[in-house]
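A short worksheet on the structure shown next.
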Amino acid sequence: MPQIIKTGGGLFSSGELIRINPSNNTIEVSTNGGRSWSPRCTNASYGTFRDLLLVGSEILAATSRGLYVSTNAARSFSPRCVNTSYGDFLNLQDEGNTLLANTTKGLYYSTNGGRSWVRR
């Protein structure tokens with residue numbers, strides 16, 4: 001099942017749904033509640049997308065090449081943390097002031113928006 005996040009609007013109001021399509025490793029967007037999807041980001045240089053997490057106005061993407069951040073609703077991404085000593089990022093979770101990342105080298109936490117990580 002692809003990871004889906006909602007941006008803009010409230011719980012029941014309109015906004016965008018953004019998801020990973022693992023069959024072609026793209027980020028897709030829906031503006032009609034998921035009835036149809038359009039490509040949003042198709043750049044393979046980020047690696048394989050594995051997880052998305054909305055943190056404030058940023059979207060974090062866990063990929064096979066590290067952690068990337070988007071400030072333009074997943075149209076493009078910039079490296080946030082590509083240090084291989086953490087292993088491959090598999091999934092992310094927001095715990096308020098702390099982010100958690102499950103990686104191939106264990107569980108890590110970040111208190112600075114994912115710029116650096118500490119093993120838990």
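The values are calculated or read from the model by the stated rules, or taken from the named source; none is laboratory data. Remember, predicted model here, so these are calculated numbers, not experimental data. Neighbour counts are summed over all protein chains in view; Cβ atoms, including those assigned to glycine, are modelled from backbone coordinates with ideal geometry. Accessible surface areas use protein heavy atoms only, side chains included; no ligands, DNA or RNA. Shrake-Rupley method; radii C 1.70, N 1.55, O 1.52, S 1.80 Å.
Could you go through segment 34-55 and let me know if any residue there is assigned to a strand (DSSP E or B), more than 16 Å from ASP94 (Cβ to Cβ), open to solvent by 20 Å² or more (accessible area, probe 1.4 Å) and in contact with a Lys or Arg (Cβ under 9 Å, 6 or more places away or on another chain). Among the residues of segment 34-55, at least one is assigned to a strand (DSSP E or B), more than 16 Å from ASP94 (Cβ to Cβ), open to solvent by 20 Å² or more (accessible area, probe 1.4 Å) and in contact with a Lys or Arg (Cβ under 9 Å, 6 or more places away or on another chain), which makes the answer yes.
Only one entry of SER70, SER38, SER57, SER64 meets the criterion of being in contact with an Asp or Glu (Cβ under 6 Å, 6 or more places away or on another chain), hydroxyl-bearing (Ser, Thr, Tyr) and more than 14 Å from ARG115 (Cβ to Cβ), and that entry is SER64.
Hey, any hits in segment 13-26 for a residue that's in a strand (DSSP E or B), in contact with an Asp or Glu (Cβ under 9 Å, 6 or more places away or on another chain) and closer than 17 Å to GLY113 by Cβ? Break it down into steps so the answer makes sense when it comes.
So the first thing to find is which residues in segment 13-26 are in a strand (DSSP E or B), and the list is 16-21, 26.
Pick out the ones that are also in contact with an Asp or Glu (Cβ under 9 Å, 6 or more places away or on another chain) and you get 17-21.
Those still in the list that are closer than 17 Å to GLY113 by Cβ too: none.
Checked segment 13-26: no residue is in a strand (DSSP E or B), in contact with an Asp or Glu (Cβ under 9 Å, 6 or more places away or on another chain) and closer than 17 Å to GLY113 by Cβ.
Scanning segment 76-85 for residues that are touching a residue at least 24 places away in the same chain (Cβ under 8 Å), open to solvent by 30 Å² or more (accessible area, probe 1.4 Å) and touching a strand residue (DSSP E or B) at 6+ places or on another chain (Cβ under 6 Å) yields a total of 1. Pairing each residue of segment 91-120 that is within 16 Å of SER70 (Cα to Cα) with any residue that is among the basic types (Lys, Arg) and in a strand (DSSP E or B), provided the two are 6+ apart or on different chains, yields C-beta distances under 7 Å for GLY114/ARG80; ARG115/ARG80.
Filtering segment 56-75 to residues that are under 9 Å from the mean Cα position of the chain (by Cα) and in a loop (DSSP other than H, G, I, E, B) leaves only ALA74. Candidates are the residues of segment 103-114 that are open to solvent by 60 Å² or more (accessible area, probe 1.4 Å) and closer than 18 Å to ARG50 by Cα; the one that is farthest from the chain's Cα centre (by Cα) is LYS105. Reported count of residues in segment 76-112, each being among the small types (Gly, Ala, Ser), in a loop (DSSP other than H, G, I, E, B) and either closer than 23 Å to ASN25 by Cβ or at pLDDT 95 or above (or both), is 2.
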